[in-house]
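Notes to accompany the following structure.
Bear in mind these aren't lab numbers, they're just calculated from the coordinates by the rules spelled out. Predicted, not measured: the structure shown is a model, and the values here were computed from it. Cβ: placed from backbone, ideal geometry, glycine included. Neighbour counts: every protein chain shown.
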Amino acid sequence: MNVVTTRAQVRAARAAYPRLGFVPTMGYLHEGHLSLVRQAKAECGAVAVSIFVNPLQFAPTEDLASYPRDLERDLALLREVGCDLVWTPGPDEVYPPGFATSVDVRGGVTDVLEGAARPGHFRGVATVVAVLLNAVGADRAYFGQKDAQQCVVVRRMVADLAMPVQVVVGATVREADGLAMSSRNTYLTPEQRAQAPALYRALCAVAQRYAAGERDADALRTAARQVLASAPLGELAYVSVADPTSLAEVVQVDPAVGAVVSTAVRFGRTRLIDNVVLPPS
Ligand code: AMP
């Protein structure tokens, strides 16, 4: 496994692979990340991973300084899954002196949901992903469905800017009790951790109601809220039933289009997000 730090090194190393998949991460890897790495390796033959905690996507009040980090453990996990290339840039390598560009995906997809709660977050995400994708020059880039809005924003950016990379979205990997894996789950107290699976249970309740024929979006939102009430340590930020492409809230789910159902709940200082897709029929 080749571990490099500079833009020039990653670009030079990339030339060794006829096809390359790429998984951008902020490190502190878990099975959610590793599933994307395995999928990329299986589909492309070779896989690169970046590990970079991106300051641009954290607000001053957020957890940039305390975000969990363990590079040695991450590298050991990546070796085990057959990762070929790891890029661990410092901030000056991603944002060289004089860096003055930002990528702003406008419109509803960045203003709503996580974008409403975290102003500037998706500008930080789009900007870093643009730098990382351009620097690595992979054929395919892999993102997790866990961050559904991020996937929508990245797809929009790649299409709008004609970036020569195919975006692939991998399924959300969960703990045995349904909680979506996240590096931030380590912040939860045991009591919060015990209640956190309510997010996925709520989303499953919505999926069941939808499968049983419910199309009214408010009825679906109410079904989720009822389950989330069983987690009193959590403060509900939103339950959304939205169009999968525009992320606009819907009144009725069009079965030909489906919807993405997402929720965010704060447990103390930890904001958990999760989603399920109601597939088109
Ligand atoms: P992060 O390190 O949190 O920026 O995540 C890096 C990539 O892994 C992103 O594309 C995430 O959506 C994806 N990811 C994080 N958690 C999961 C999960 N539980 N299942 C699948 N993908 C995930």
Self-check item: Anisotropy class of segment 139-281 from Cα gyration tensor, a/c 1.5 cut
Solution: oblate
Quiz item: How far is it, in nm, from the label point at Q9 to the one at A212 when both lie 7 Å from their Cα along the line to the Cβ?
Solution: 5.7
Quiz item: How big is the Cα convex hull of segment 100-210 in projection, averaged over all directions, in nm²?
Solution: 9.0
Self-check item: In nm, spacing of pseudo-spin labels at E43 and E80 (7 Å Cα→C-beta vector)
Solution: 2.4
Quiz prompt | Dimensions in Å of segment 12-70 - Rg and Dmax from alpha carbons | solution = 14.0, 43
Quiz item: Using the eigenvalues of the Cα gyration tensor, what equivalent ellipsoid semi-axes result for segment 214-281 when each is taken as the square root of five times the eigenvalue, whole Å, largest first?
Solution: 24, 13, 8
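What length, rounded to one decimal in nm, is gained on full extension from A219 through to V257, with 0.36 nm per residue of separation minus their alpha-carbon distance? Mind showing how you got there, number by number?
Numbers: separation 38, 0.36 × 38 = 13.68 nm, distance 1.82 nm.
My answer for the length gained is 11.9 nm.
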Quiz item: Of T186, T263, T127, which has the largest mean-square fluctuation in a 10 Å C-alpha GNM of the chain?
Solution: T186
Exercise. Go ahead and collect, in residue order, the members of segment 1-24 whose backbone nitrogen is under 12 Å from a label point 7 Å along the Cα-Cβ direction of F99.
Key: 7
Practice problem: Averaging sequence separations of C-alpha pairs under 8 Å and six or more residues apart, then dividing by the length of the chain, give the relative contact order as a whole percent. | Solution: 17
Quiz item: How far apart, in nm, are the 7 Å Cα→Cβ label points at R174 and S66?
Solution: 2.8
Quiz prompt | Computed lengthening from T186 to A248, 0.36 nm per intervening residue step minus Cα-Cα distance | solution = 19.1 nm
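Fewest Cβ neighbours within 10 Å first, please rank L36, L236 accordingly. List each step's numbers first, then the result.
Numbers: L36 27, L236 17.
So the ranking, lowest neighbour count to highest, is L236, L36.
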Practice problem: Could you please state, rounded to a whole Å, how far the C-alpha centre of segment 217-281 is from the C-alpha centre of segment 68-140? | Solution: 26
Self-check item: Calculated diffusion of the chain, Stokes-Einstein form, Kirkwood radius summed over Cα pairs, 10 °C and 1.306 mPa s, µm²/s
Solution: 81
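At a threshold of 8 angstrom on Cα-Cα distance, excluding pairs fewer than six apart, so keeping six or more, what relative contact order does segment 1-122 reach in percent?
Numbers: 155 pairs, mean separation 40.8, N = 122.
Computed value for segment 1-122: 33 percent relative contact order.
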